[in-house]
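Asks: The structure is given below, and queries will be raised subsequently.
The values are calculated or read from the model by the stated rules, or taken from the named source; none is laboratory data. The structure displayed is predicted, hence computed values, not measured ones. Reconstructed Cβ throughout: ideal geometry from the backbone, glycine too, with neighbour counts over all protein chains shown.
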Amino acid sequence: MTAKTDPPAAPSIENHSAPERKPRLAIFVATAAGLGYFPKAPGTFGSLAGLLLAVAPMWILFYTVSLYAWVHGGDAGIFWHASSWWQDPFCQIHIALAILIALFGTWAAGNAANFWNQDDPQRVVIDEVSGQQLTLLLGCGVPIWWRAAPDAWADHNALGLINWHSPLNWKYLLLGFLLFRLFDIWKPTPARQAESLPGGWGIMADDWIAGIYAALGLWLARAAGL
């Protein structure tokens, strides 16, 4: 009589789920090209990137047009001559940048937060970039309508142009930076409530609201003669 033997065990099927693919582009945008990885005050570095975006368009256009004129023997001032009250290339560029950064920032912040499984990761600083840029766009771009518009190129302290009649100087940059950081940390109503919005919207919206508060303070300072 043969001894009974147990039937061979069925092969085990292990559920190996594929590792989540790292969203490299989203993380690159969300961390503002890596600024969010600074161990201390990454939001401050994000705000500084927003300041850079405010001054970069003028310098890029200025040197591009100057180089083109030097190479081709044209008029280096043709770009500025084409500007008018209804066609302001600086304002158009800043508005386009603000929209692009807001849209891509919302997408990137949401994807990065999902990957890191955090509601609002400290490494995500594109919200500070966007909020700081909005501060300077609205705070310096909205005209003081009861004053004559200045000649921007006559202002030798201009570090950039938000629009043709709104030259940036160190006072506007510094005050805009300080006001935005204040309101971003304080988060007055409805900024804190906006954090409960889903995904990237909740990460970005509170900084947009802080940027609007800061822009109002900057505009009032300009109206007072700063």
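Asks: If you go through the range 41-61 one residue at a time, do you hit one that is in a loop (DSSP other than H, G, I, E, B) and farther than 29 Å from residue 141 by Cα?
Replies: Our first condition is that a residue be in a loop (DSSP other than H, G, I, E, B); within the range 41-61, this holds for 41.
This time we only want the ones that are farther than 29 Å from residue 141 by Cα, so: none.
The answer is no; no qualifying residue exists.
Asks: Can you tell me which condition residue 206 does not meet? The list is (1) of a type outside the set (Lys, Arg); (2) closer than 21 Å to residue 93 by Cβ; (3) crowded, with 24+ Cβ neighbours inside 10 Å, and all the others hold.
Replies: (2)
Asks: What pairs can you find where one residue is in the range 98-119 and under 13 Å from residue 205 (Cα atoms) and in contact (Cβ under 8 Å) with a residue 40 or more places away in the chain, the other is surrounded by 13 or more Cβ atoms within 10 Å (Cβ to Cβ) and among the acidic types (Asp, Glu), and their Cβ atoms are less than 7 Å apart, with a gap of 6+ or different chains?
Replies: Short answer, once both residue conditions are applied: 105/127; 109/127.
Asks: When you scan the range 196-226, how many residues do you find that are under 17 Å from the mean Cα position of the chain (by Cα) and either under 24 Å from residue 145 (Cβ atoms) or in a loop (DSSP other than H, G, I, E, B) (or both)? Don't jump to the end; show me each part of the working.
Replies: Within the range 196-226, the subset under 17 Å from the mean Cα position of the chain (by Cα) is 200-215.
Still in the running and either under 24 Å from residue 145 (Cβ atoms) or in a loop (DSSP other than H, G, I, E, B) (or both): 211-215.
Summing the residues that are under 17 Å from the mean Cα position of the chain (by Cα) and either under 24 Å from residue 145 (Cβ atoms) or in a loop (DSSP other than H, G, I, E, B) (or both) in the range 196-226 gives 5.
Asks: In addition: Take residue 176 and decide whether it is part of a helix (DSSP H, G or I), crowded, with 24+ Cβ neighbours inside 10 Å and not aromatic (Phe, Trp, Tyr).
Replies: Values: part of a helix (DSSP H, G or I): yes; crowded, with 24+ Cβ neighbours inside 10 Å: yes; not aromatic (Phe, Trp, Tyr): yes.
So residue 176 passes the test.
Every residue, every condition in (1) in a helix (DSSP H, G or I); (2) closer than 21 Å to residue 41 by Cβ; (3) not β-branched (Val, Ile, Thr), yes or no:
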residue	(1), (2), (3)
105	yes, yes, yes
123	no, yes, yes
131	yes, yes, yes
135	yes, yes, no
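Asks: Tell me which of these residue 91 doesn't satisfy, since it passes every other one: (1) surrounded by fewer than 18 Cβ atoms within 10 Å (Cβ to Cβ); (2) modelled with pLDDT under 95.
Replies: Just one mismatch for residue 91, condition (1).
Asks: Taking residue 164 as meeting all but one of (1) within 30 Å of residue 34 (Cβ to Cβ); (2) at pLDDT below 95, write down the number of the exception.
Replies: It is condition (1) that residue 164 fails.
Asks: Taking the range 15-44 as the search range and keeping residues that are over 16 Å from residue 117 (Cβ atoms) and among the basic types (Lys, Arg), which one is modelled with the highest pLDDT?
Replies: Taking the candidates together, the pick is 24.
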